[in-house]
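Student: I have a structure I would like to understand better, so I am pasting it below and will then ask my questions one at a time.
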C-alpha cells in the first residue's frame, strides 16, 4: 500500500495489556515509514511513549479517560469522521471498534487494516450480531489476528480471509527487566506463589480464583492479581469479607517497556482464568521466564504444541490436582519449556511490513 498518510485508531489505551504493547510497537515502527502519521485516542498522555513525529488527535478534556470503552469509541469515531473529510487519501489502521471504523473509512473510500485481538465469542453471541459482523468484517481491506485458532474461527464464521501475526516478545528487554528486583513484600518464602494478570472484568473470571483461594486459605498458597478494571471494588470486598488479605493482593499496573516481567520472576505459576482469549501475551511472557501456566478448558487452544501450559477444568478439585502435579515436577517442566520457540519482535515487524506492502 502506497499511501503517504497513516491514521491509527486506538480510542482507549489501557496500559498493561498485549493490545497496548502491540499498539506502541506498531505505531513507532510505522512512524519510520510514514512521514505523516496520527493517532486518534482519548488519552493524549500516551504521547511520551510514541515517536516525536506521531501526532495525537482527540478530545482535550480528561473526562473521557474515566469513561468506559463505548463512550471513548463514540467520541473517537466522530473525530475519525471529521478527520477523513479533510484527509481522503489516508491509510487507516484500527485496533478497536473495528467494524465502526471500517464503515466510516469506506464511506470516504479509504483503505483500512484492522487488528483483532479478542475472540468473537465475546462480541457475536446472538444470530443478529453474527449476521451484522459477517457483513461488516468484510469491509476492511485486511484483517490481522494474533493466532491461527482465531484465524480459523473468524474465517469460518464470517467468511473472510484474515492474516496471522503472533504478538511479539522483546527478548532483550525481557532479559534486562528480569535482572531487576522488586520490593513486593507480599509473597512469603515457602508459600506457593500464584500470579494472574489481566483486566478486572467478568470475562477474565477472577471470581473462580478467589473462591479457590478461599477454600485453600489454610494452606501455604498466595495469589497476586495484577490489573485494572470495573470489578476491582467487588473483588476487594470479597477479599475483605473472607479475610484473605494475607492470601490475595491486587496491584494496578501499567506494563509499558516490559516492567511486568519482574513479577513473573517473583511467582511460581501463572494462572489465566479467562473464558475467552485469542493469543494472550501474558502466556508468552510467562513461558519466556520459564514459569508454568495453567488455563481452563474454555481456552485450551492457547496451549498449541507449547511446553509448560496445563489445561484444567473450572473447579477446585481439578485446579488443585494440576497445581500438585506442577509442584512435584517443577524442575523437569522448566527444563522442557526450554524447547519452546516464542514469537519475536523482528519476525512480527517483518510480517507486518510484508502485509502492508502486499
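Only the coordinates and a few stated rules stand behind these numbers; no lab work does. Given the structure is predicted, the values throughout are model-derived calculations rather than measurements. For neighbour counting, all protein chains shown are included, and Cβ atoms are generated from backbone atoms with ideal geometry for every residue, glycine included.
Student: Report, in whole Å, the centroid distance computed from the Cα atoms of the stretch 290-325 and the stretch 188-221.
Tutor: 14
Student: With the Cα gyration tensor of the stretch 171-337 giving a ≥ b ≥ c as the square roots of its eigenvalues, does the rule (a/c under 1.5 for rounded; else a/b larger than b/c for prolate; else oblate) give rounded, prolate or oblate? Walk me through the numbers on the way to the answer.
Tutor: Details: a/c = 1.28, a/b = 1.14, b/c = 1.12.
Since a/c stays below 1.5, the shape of the stretch 171-337 is classed as rounded.
Student: Does anyone have the angle between helix 69-86 and the longest principal axis of the chain? Alpha-carbon axes, 0 to 90°, nearest 10?
Tutor: 20
Student: Given axes a ≥ b ≥ c from the Cα gyration tensor, I'd like to know whether the stretch 156-238 is rounded (a/c under 1.5), prolate (a/b larger than b/c) or oblate.
Tutor: Cα axes put the stretch 156-238 in the oblate bin.
Student: Angle, helix 206-215 long axis vs. longest principal axis of the chain, Cα atoms, 0 to 90°, nearest 10?
Tutor: Roughly 0 degrees between the two axes.
Student: Whole percent per 10 Å bin, from 0 to the bin with the longest distance: what is P(r) over all C-alpha pairs of the stretch 274-328?
Tutor: 24, 56, 20
Student: Moving on. Relative to the longest principal axis of the chain, what angle (0 to 90°, nearest 10) does the C-alpha long axis of helix 98-107 take?
Tutor: The angle comes out near 0 degrees.
Student: Can you give the relative contact order of the chain as a percent, counting alpha carbon pairs under 8 Å and 6+ residues apart?
Tutor: Averaging sequence separation for qualifying contacts and normalising by length gives 15 percent for the chain.
Student: Further question: How far is the Cα center of the stretch 138-164 from the Cα center of the stretch 1-69, in Å?
Tutor: Using only Cα atoms, the two centres lie 23 Å from each other.
Student: Which value in nm describes the separation of the simple spin-label points at residue 180 and residue 259, placed 7 Å from the Cα toward the beta carbon?
Tutor: With each label placed 7 Å out from Cα toward Cβ, I get 0.8 nm.
Student: Relative contact order of the stretch 171-337: what whole-number percent is it, with Cα pairs under 8 angstrom and at least 6 residues apart?
Tutor: 21
Student: Could you work out the relative contact order of the stretch 193-242, using alpha carbon pairs under 8 angstrom and six or more residues apart, expressed as a whole percent?
Tutor: 53
Student: Apply the a/c threshold of 1.5 to the C-alpha gyration tensor of the stretch 21-89 and tell me whether it is rounded, prolate or oblate.
Tutor: Values: a/c = 2.10, a/b = 1.27, b/c = 1.66.
The shape class here is oblate.
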